[in-house]
1. With n ≥ 4 as the cut-off for DSSP H runs, can you work out [θ] at 222 nm for the chain, using -39500 (n - 2.57) per run divided by the number of residues, rounded to the nearest 500?
2. What translational diffusion coefficient, in µm²/s and rounded to a whole number, does the Stokes-Einstein relation yield for the range 115-194 at 37 °C and a viscosity of 0.692 mPa s, taking the hydrodynamic radius as the Kirkwood radius over Cα pairs?
3. Report ³J(HN,Hα) in whole Hz for each residue of the range 144-153, in order, from the Karplus equation J = 6.51 cos²θ - 1.76 cosθ + 1.60 where θ = phi - 60°; Gly and Pro get x.
4. Putting +1 on Lys and Arg Cβ atoms and -1 on Asp and Glu Cβ atoms, find which of Ala155, Leu19, Thr178 reaches farthest to the positive end of the dipole of the chain.
5. Can you list the residues, at least 5 places off or on another chain, whose amide H is less than 5 Å from the amide H of His2, using H built in the peptide plane?
6. Mind telling me which of Glu240, Glu191, Glu267 comes out most flexible in a GNM of the chain, alpha-carbon contacts under 10 Å?
7. What's the local net charge at Arg299, with K and R +1, D and E -1, over the other residues with C-beta under 11 Å away?
8. Using the Cα centre as the reference, give the magnitude of the dipole from point charges on the C-beta atoms of the chain (Lys, Arg: +1; Asp, Glu: -1; all else neutral), rounded to the nearest 20 debye.
Amino acid sequence: MHLIVTGGCGFIGSNFVRLILAERPGWRVTNVDKLTYAGNRANLADVESNPNYRFLHADICDKEAMGALFSAPGADKPDAVVHFAAESHVDRSITGPEIFVITNVLGTQNLLENARQNGVGRFLHVSTDEVYGSLGPTGLFTETTPYAPNSPYSASKAGSDLLVRAYHHTFGMDTVITNCSNNYGPYQYPEKLIPLLITNLMDGLQIPIYGDGQNVRDWLHVEDHCRGILLALEKGKAGETYNIGGRNERKNMDIALGILALMGKDESSIRYVEDRLGHDRRYAIDADKIRGELGWEPRHTFDSGLPATVAWYVKNESWWRPLKKR
């Protein structure tokens, strides 16, 4: 198997690449990454010398570069694609939406077209629960929940999902879509909630909490997400969508209080800030389909995963410190 992984130097992508190299030793991985601010080759420094790993510094929007990659002859011909590469930070999509449309929509279309023209076997597209919009106090997102994105980020991801769906139904491509809940764990860029809170507290800074802190997210350890993606890649049905979630709803304030307790701080470290524009109130995923059809089960609980994540950032200051200075 020759697997193309796009965005493999990002948070989830790098954890996925590491999982593949460890658990599928006969596979070869080509990691395509533009190395934007959130793409960091240091995330995979420990596998750079692996003979089954290759890094390609390229933009998924570059038609020439992607054409050359997908049309490679012989053993270099890709068998499948796992597509992580995306602009993903909601706040940045509010201040600069254009790059989200370019990368997430046009970049995905460029990959799909190259995969179609060159007969790539399977195209797995990694998406988000944010495409479904916001839930009320009850209910869960399922694979049939209508799309109702509320930010430029989630709208661009919804557009990319629909393109993947269209390439399956129009051209018969073997595509699979996964939609995940909020991830946490090692190598997450420190602008995201959990690493931001941890690293701010390590620097003796207050931690910012949007609005009243009552927004709810469903938290999933990144390794559990990656194992779900691998299952969908190997066993998922063509044309299907699989939601991957932790059934672990937490209010943002609860996350903050948990991290404060783990780091020996109190609520005086909290700083309330003006709420994000269009801030969705609650996300929660029904993952029964991937559990029932593919046998996926998370291995991490939040009660063990959060302390381990805090410990990782405390231990790996040399990794995140340069990123906080960008």
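1. Values: 11 runs with 121 residues, N = 326.
Rounded to the nearest 500, it is -11000 deg cm²/dmol.
2. Numbers: Rh = 14.4 Å.
Reported coefficient: 229 µm²/s.
3. For the range 144-153, the Karplus-derived couplings read 9, 5, x, 6, 8, x, 10, 10, x, 4 Hz, x marking Gly and Pro.
4. Checked the options; the winner is Leu19.
5. Arg28, Asp79, Ala80
6. Answer for the Gaussian network model of the chain: Glu267.
7. On the way: positive: Arg227; negative: Glu223, Asp224, Glu297.
Its environment carries a net charge of -2.
8. Details: 34 positive and 39 negative charges, 89 e Å.
Roughly 420 debye for the chain.
Since every read-out is calculated from the coordinates, none of them should be taken as a lab result. Please read all numbers here as calculations on a predicted model, not as lab measurements. As a convention, Cβ positions derive from the backbone with ideal geometry for all residues, glycine included, and neighbour counts pool all protein chains shown.
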